[in-house]
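Take a look at the structure set out below.
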Amino acid sequence: MTKLNTRKNKKKKIIKINEGLKLLSDSFRKDFNSIRINTHNTLTHEIAKLIKSYELIYDNYKILTEAIFKNGSRADIFVPEKKWIFEILHTETEKMAIKKIKKYPTTCSVFFYKADEVINNATDTL
């Protein structure tokens, strides 16, 4: 790949990230690839969030944890470049999860992961 193509790809990625960031609350501090801990969640939930965040960062995505959107809804992990929302389920029911989807921006794709499965499937072989 030439330097010109590399610069074009980086520029496209930055544009996509900025589009995703427009969905977030102006007051939300946008620290990429920093893991925010929410003490209202269980330790199992937070460990699973850390593992999923690590996997996304390892795959070269910029992430935001505990991202707050303009309407006040909050995502465990948000990938602005792809407009992906990752929710870790530990104590929530399926009904609660479905209710949560309705609060997120419609332009986002939402993925649910069970905390126990994330932890059990974690490996050091990334």
Discussion item. Conditions first: (1) over 12 Å from the mean Cα position of the chain (by Cα); (2) closer than 21 Å to VAL118 by Cβ; (3) in a helix (DSSP H, G or I); (4) β-branched (Val, Ile, Thr). ILE17 passes all but one, so which condition is the exception?
Written reply: (2)
Worksheet item: Looking at GLU81, GLU55, GLU19, GLU87, which is the one that is in contact with a Phe, Trp or Tyr (Cβ under 6 Å, 6 or more places away or on another chain) and either buried (at least 16 other Cβ atoms within 10 Å of the Cβ) or touching a residue at least 40 places away in the same chain (Cβ under 8 Å) (or both)?
Response: GLU87
Item to complete: Exactly one condition in (1) modelled with pLDDT under 95; (2) of a type outside the set (D, E, K, R); (3) more than 30 Å from LYS12 (Cβ to Cβ) is not met by ILE101; state its number.
Response: (3)
Worksheet item: For the stretch 52-63, does any single residue satisfy the condition of being outside any helix (DSSP H, G or I) and touching an Asp or Glu at 6+ places or on another chain (Cβ under 7 Å)?
Response: yes
Practice prompt. Please specify each residue of the stretch 51-82 satisfying the condition of being acidic (Asp, Glu) and more than 20 Å from VAL118 (Cβ to Cβ).
Written response: GLU81
Item to complete: State whether the residues of the stretch 13-21 include one that is at positive phi and modelled with pLDDT of 95 or more.
Response: no
Worksheet item: What number of residues within the stretch 58-72 satisfy the criterion of being surrounded by 17 or more Cβ atoms within 10 Å (Cβ to Cβ) and of a type outside the set (A, V, I, L, M)?
Response: 5
Practice prompt. Mind listing whichever residues of the stretch 36-52 are surrounded by fewer than 17 Cβ atoms within 10 Å (Cβ to Cβ) and within 25 Å of THR106 (Cα to Cα)?
Written response: ARG36, ASN38
Discussion item. On the basis of being at pLDDT 95 or above, small (Gly, Ala, Ser) and under 17 Å from the mean Cα position of the chain (by Cα), does ALA48 make the cut?
Written reply: yes
Practice prompt. Within the stretch 28-51, work out how many residues are assigned to a helix (DSSP H, G or I), touching a helix residue (DSSP H, G or I) at 6+ places or on another chain (Cβ under 7 Å) and within 15 Å of PHE78 (Cβ to Cβ).
Written response: 0
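The values are calculated or read from the model by the stated rules, or taken from the named source; none is laboratory data. Every value quoted in this text rests on a predicted model; they were computed, and no experiment measured them. Because the Cβ atoms are built from the backbone with ideal geometry, glycine has one as well, and the counts that use them run over all protein chains shown.
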